[in-house]
There are 2 protein chains.
Amino acid sequence: MADKHALLMIPGPIEFSDNVLKAMSHPSVSHVAPAFAKVFGENLTLLRQIFLTTAPDSQPFVVSGSGTMGWDFVAANMVEPGEHVLVLHTGYFADSFAECFECYGVQPTQLKAPIGSRPSLEEIEKALQQKKYKMITITHTDTSTGVLSDVKGVSALVKRVSPDTLICVDGVCSIACEELRFDEWGVDVALTASQKALGTPAGLCVLMVSGRGMQAYQTRKTPPATYFASFKRWLPIMQAYEQQTAKYFATPAVQLVYALNASLKEILQESMDTRFKQHADASDYVKAELTKMGLKQLAVDPAFAAHGMTAVYTPNNMPVSEWMPKLASKGVVFAGGLHKEIATKYFRIGHMGVSVLDKSRGDLETALTAIREALKEIGYSA
Amino acid sequence: MADKHALLMIPGPIEFSDNVLKAMSHPSVSHVAPAFAKVFGENLTLLRQIFLTTAPDSQPFVVSGSGTMGWDFVAANMVEPGEHVLVLHTGYFADSFAECFECYGVQPTQLKAPIGSRPSLEEIEKALQQKKYKMITITHTDTSTGVLSDVKGVSALVKRVSPDTLICVDGVCSIACEELRFDEWGVDVALTASQKALGTPAGLCVLMVSGRGMQAYQTRKTPPATYFASFKRWLPIMQAYEQQTAKYFATPAVQLVYALNASLKEILQESMDTRFKQHADASDYVKAELTKMGLKQLAVDPAFAAHGMTAVYTPNNMPVSEWMPKLASKGVVFAGGLHKEIATKYFRIGHMGVSVLDKSRGDLETALTAIREALKEIGYSA
């Protein structure tokens with residue numbers, strides 16, 4: 001059982017199960033030991049179930065790093081210098097992903113929406129008709145704003161008006177809590193990090209690439225300008241591990257791989273559909289309670305609101321620097337604002353993984369009670 | 001106490017102390033929490049002691065990844081496309097480092113030596129006189145061969161004949177077990193990974209860059225072609241954390257950072273000089289015992305042999321595929337060969353960290369006994 005600690009209700013790192021934390025202290029094992037190769041291989045196979053892909057040419061990657069490094073993998077391997085990418089902007093993370101593309105000589109065009117909103121399908125269609133884009137990127141849940149993108153709708157649109165355009169989903173705050181049907185929706189690459197709804201401590205970058213996505217890499221004209229974040233180096237390693245044999249490029253994070261295994265097995269005790277619904281239900285509940293408290297969400301339409309987190313304006317426009325300590329004094333840790341234009345005016349609540357699924361923990365109630373008490377303390381009422 | 005497991009005596013990952021493994025299962029904490037920022041900041045400060053640098057403009061980096069990613073940091077930030085780098089070759093890892101430079105458009109020239117040997121100071125001097133090199137790279141201990149480079153001698157030579165050339169030490173298998181005096185020897189960048197003599201599970205890339213090294217980055221003419229492995233992105237983060245305040249670029253591997261803290265504090269209970277001597281003494285002992293057993297080392301001269309590992313030819317030219325299972329049956333895990341030309345003909349023994357320092361574990365004796373028993377089983381005698 002995890003030591004007593006302040007409940008962590010931020011949009012990642014999330015709370016981890018005792019099993020996962022126990023796996024983190026796995027005794028030292030060689031990264032090429034058969035027992036370890038088996039666990040690594042299992043992870044890759046289980047990730048196919050998490051992403052809802054059965055296509056044999058889908059390719060999972062698990063590499064030491066972070067979600068941010070997933071952008072390097074995409075920008076360095078799947079698109080080439082001079083090519084154009086349409087970046088749908090729903091918050092901070094689109095700006096950063098666009099910067100990442102620029103590092104690799106790729107030309108991003110951002111399609112922006114007001115804070116709390118998202119580009120409409122009509123605007124996206126218009127943009128796709130104006131230029132030939134090699135790739136479109138969708139931040140499924142932008143962790144800075146809690147805005148949810150309509151990946152299904154956007155993917156269908158892309159298939160209709162620009163079918164050659166690769167579809168990239170930044171799923172850092174969505175994979176394993178938000179509905180994503182990799183095969184059915186025709187996604188070409190979805191990336192995430194271990195410390196969000198995958199329920200594993202930070203330190204792993206996770207990607208799923210479609211057969212078409214790998215094809216784009218294999219037929220590129222210029223070599224990728226990266227050594228570590230390279231499909232070329234990691235593909236044979238992932239293929240070997242999924243066969244449960246070891247191959248060396250760089251030493252994987254052995255203990256994190258064990259922890260991921262513990263978490264993936266916990267996650268897959270129920271169907272992904274059940275898991276998506278449990279997160280949606282918990283999110284509806286949290287959001288309804290926050291509304292009852294008189295707090296206003298950033299998402300301007302309930303359909304634009306993510307299910308793994310909620311971004312909420314502070315009461316009475318209280319500066320977040322004043323509001324956060326009041327919450328912290330209740331023994332629960334929330335996150336401050338991250339979108340630079342309004343960072344001082346809102347806070348963020350994470351509700352993913354065991355905090356949602358393991359009702360015996362009572363995490364949601366503890367979090368909501370902390371907010372209610374802090375509001376009471378400042379005499380705020382709905 | 002770590003669960004019962006086969007003793008791991010490979011040149012990384014090494015065995016970890018119970019304290020370090022316990023820190024790995026630290027309850028979830030926000031990557032921007034003050035308590036976490038304090039621990040991360042301490043790590044950066046303690047690393048200065050590990051690298052023996054007191055120069056205020058030295059800059060430590062700790063980033064999720066692996067030792068291999070340290071090459072990307074060097075190649076992408078400290079040298080520019082078209083510039084020349086002299087790569088001293090003492091095994092497999094120089095080939096890979098050279099490939100990494102090529103990915104970034106940098107021109108590596110490898111100076112090779114026969115297996116088990118290293119380029120002489122005379123050869124290096126000649127090479128430095130033939131071309132203007134922006135950087136020279138030295139693999140301190142090549143993990144594939146166990147060959148030790150003379151970093152002190154090479155550095156002094158570079159200062160004399162090509163003082164503008166930056167000195168890069170790949171210290172993956174040397175930092176914290178092999179004598180390295182960052183300031184005194186004038187090293188500009190030394191990189192390592194957590195799972196070797198730093199005694200922390202795999203998943204962290206660690207670098208120390210000199211003021212001159214940072215200057216080379218700051219005055220470059222072309223922007224670095226990387227997003228994640230970028231000084232630009234990580235420098236403000238490291239500066240903030242060392243001030244024990246948090247700043248966000250990508251979520252750090254929180255639990256690994258706690259584990260590194262536990263290990264660095266254990267390491268620094270004694271002086272680095274004592275630690276170097278303890279590793280040298282253990283290495284001398286292991287090598288003497290192996291010689292008594294009639295086993296021949298790869299290093300052609302004792303002065304060329306690393307102190308954190310030993311590479312040894314199999315008895316009677318037995319294929320390593322036959323020899324390794326015999327060792328494994330004794331409950332100790334060693335590593336096979338890695339240098340492609342002779343991979344099937346030798347094996348490797350790691351002796352770093354707690355296996356050397358914590359005599360109560362008896363790891364060295366257990367390892368040597370396993371080898372003795374395997375030799376007895378095949379009827380081999382010196």
| task | Treating only the Cβ atoms of Lys and Arg (+1) and Asp and Glu (-1) as charged, compute the dipole magnitude of segment A:203-289 about its Cα centre; round to the nearest 20 debye. | result | 720 debye
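Restricting the count to DSSP beta bridges whose residues both fall in the protein assembly as shown, what percent are antiparallel, rounded to a multiple of 5? If you can, show how the numbers build up before the last one.
Details: 44 of 80 bridges.
Close to 55 percent.
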| field | Within the accessible area of the protein assembly as shown (1.4 Å probe), percent carbon and sulfur | value | 53 percent
| said: Per residue of segment B:167-177, what does 6.51 cos²θ - 1.76 cosθ + 1.60 with θ = phi - 60° give for ³J(HN,Hα)? Whole Hz please, x for Gly and Pro, Karplus curve as stated. | reply: 10, 10, 10, 7, x, 3, 9, 10, 4, 6, 9
| remark: Quick calc, chain A, dipole around Cα centre from Cβ unit charges on Lys, Arg (+) and Asp, Glu (-), nearest 20 debye, gives 280 debye
| request: Just check chain B against the gyration tensor rule for me: Cα atoms, a ≥ b ≥ c as the square roots of the eigenvalues, rounded for a/c under 1.5, and otherwise prolate or oblate depending on whether a/b exceeds b/c. | output: oblate
| task | Could you work out the relative contact order of chain A, using alpha carbon pairs under 8 angstrom and six or more residues apart, expressed as a whole percent? | result | 25 percent
| request: Mind ranking A:220-230, B:132-142, A:150-160 by how tightly packed they are, going by the mean number of other C-beta atoms within 10 angstrom, highest first? | output: B:132-142, A:220-230, A:150-160
| message | Please report, for residue B:376, the nm distances (one decimal) from its label point, 7 Å out from Cα along the beta-carbon direction, to the equivalent points in the remaining copies, shortest first. | response | 7.3
| Within straight cross-link reach of residue B:134, meaning Cα distance under 26 Å, which lysines are found once same-chain residues fewer than 8 apart are removed? | B:112, B:126, B:152, B:159, B:221, B:232
| task | Could you compute the FRET efficiency for residue B:239 and residue B:340, with r as their C-beta to C-beta distance and R0 at 35 Å, rounded to 0.05? | result | 0.25
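What percent does the relative contact order of segment A:62-204 come to when contacts are Cα pairs within less than 8 Å and at least six residues apart?
Answer for segment A:62-204 is 25 percent.
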| task | Please give the length that would be gained between residue A:38 and residue A:221 if that part of the chain were fully extended, namely 0.36 nm times their separation in residues minus their C-alpha to C-alpha distance (nm, one decimal). | result | 62.3 nm
| message | If packing is taken as the average number of other Cβ atoms within 10 Å across a peptide's residues, how do B:191-200, A:307-316 rank, most packed first? | response | B:191-200, A:307-316
| said: If amide hydrogens are placed 1.01 Å from N in the peptide plane, which non-local residues have theirs closer than 5 Å to the one on residue B:87? | reply: B:109, B:110, B:111, B:137
| request: With unit charges on the beta carbon (Lys/Arg positive, Asp/Glu negative), name the residue among A:91, A:5, B:274 whose Cα is farthest towards the positive pole of the charge dipole of the protein assembly as shown. | output: A:91
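Tally the DSSP beta bridges in chain A and give the antiparallel ones as a percent, rounded to 5.
55 percent
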| request: Please give the residues from segment A:194-208 for which the solvent-accessible area of heavy atoms, probe 1.4 Å, is smaller by at least 30 Å² with all protein chains in place than with the chain isolated. | output: A:202
| task | Considering the options A:154, A:82, A:143, tell which one lies farthest towards the positive end of the dipole of segment A:70-157, charges being +1 on Lys and Arg and -1 on Asp and Glu at the Cβ, about the Cα centre. | result | A:154
| remark: Probe 1.4 Å, heavy atoms of protein chains only: per residue, the accessible area of the protein assembly as shown in Å² is 35 Å²
| request: Shortest first and in nm with one decimal, please list how far the residue B:288 label point sits from its counterparts in the other copies (point 7 Å along Cα→Cβ). | output: 7.7
| task | List, in order, the whole-Hz ³J(HN,Hα) value for each residue of segment B:201-213 obtained from phi through the Karplus relation with A = 6.51, B = -1.76, C = 1.60 and θ = phi - 60°; use x for Gly and Pro. | result | x, 4, x, 10, 9, 10, 10, 10, 10, 6, x, 5, x
| Peptide A:28-36, shielding by other chains (average Cβ, 10 Å cutoff) | 6
| Can you give the convex hull volume per residue for the Cα atoms of the protein assembly as shown, as a whole number of Å³? | 145 Å³
| message | Between B:107, B:255, B:215, where does the largest GNM mean-square fluctuation fall for chain B, given springs only between Cα atoms within less than 10 Å? | response | B:215
| field | lysines whose Cα lies under 24 Å from that of residue B:359, excluding same-chain neighbours fewer than 8 positions away | value | B:4, B:22, B:196, B:265, B:277, B:287, B:292, B:330
| At residue B:359, with labels set 7 Å past Cα in the Cβ direction, how many nm apart are the copies from this one, shortest first? | 5.9
| field | Amide H contacts of residue B:205 (H built 1.01 Å from N, under 5 Å, at least 5 apart or other chain) | value | B:63, B:64, B:65, B:66
| request: Quote the total accessible area buried by chains A and B together, excluding ligands, DNA and RNA, probe 1.4 Å, nearest 100 Å². | output: 3900 Å²
| field | Segment residue A:132-residue A:112, length gained on full extension (0.36 nm per residue, minus Cα span) | value | 5.4 nm
| query | Where the centre of each part is set by its Cα atoms, how far does segment A:194-250 sit from segment A:304-332, in angstrom? | reply | 36 Å
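Just counting partner chain Cβ atoms within 10 Å, what average do the residues of peptide B:99-106 show around their Cβ?
Taking the mean over all residues of the peptide, I get 3.
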| Hey, with R₀ at 22 Å, roughly what FRET efficiency would residue B:121 and residue B:184 work out to, going by the Cβ-Cβ distance, to 0.05? | 0.75
| remark: Long-range amide H partners of residue B:7, meaning residues 5 or more apart or on another chain whose placed amide H is closer than 5 Å, are B:333
| Going through segment B:302-382, which GluC sites (Glu not before Pro) have at most 13 other Cβ atoms within 10 Å and a DSSP loop state? | B:341
| Karplus (6.51, -1.76, 1.60) ³J(HN,Hα), θ = phi - 60°, over segment B:17-28, in Hz, Gly and Pro reported as x | 6, 4, 4, 5, 5, 5, 5, 4, 9, 4, x, 4
| Exactly which trypsin sites (Lys or Arg not before Pro) in segment B:303-382 are in a DSSP loop and have at most 11 other Cβ atoms within 10 Å? | B:340
| query | At what distance in nm do the modelled label points of residue B:328 and residue B:382 sit from each other, each positioned 7 Å from its Cα along Cα→Cβ? | reply | 2.9 nm
| the protein assembly as shown - mean residue ellipticity at 222 nm from DSSP helices (-39,500 (n - 2.57) per run, n ≥ 4, rounded to 500) | -12500 deg cm²/dmol
| field | Inter-label distance for residue B:248 and residue B:161, nm, one decimal - labels placed 7 Å from Cα along Cα-to-Cβ | value | 5.2 nm
| Residue mean of other protein chain beta carbons inside 10 Å, A:251-262 | 5
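Using the Cα centre of segment B:1-65 as the reference point, and only Cβ charges (+1 on K/R, -1 on D/E), how large is the resulting charge dipole? Debye, rounded to the nearest 20.
Details: 4 positive and 5 negative charges, 17 e Å.
Dipole size: approximately 80 debye.
The values are calculated or read from the model by the stated rules, or taken from the named source; none is laboratory data. Everything quoted here is computed from the prediction, not taken from an experiment. Methodologically, a virtual Cβ is constructed for each residue, glycine included, from the backbone with ideal geometry; neighbour enumeration extends over all protein chains shown. Quick note on the areas: whole protein, heavy atoms, side chains included, nothing else; ligands and nucleic acids left out. Shrake-Rupley method; radii C 1.70, N 1.55, O 1.52, S 1.80 Å.
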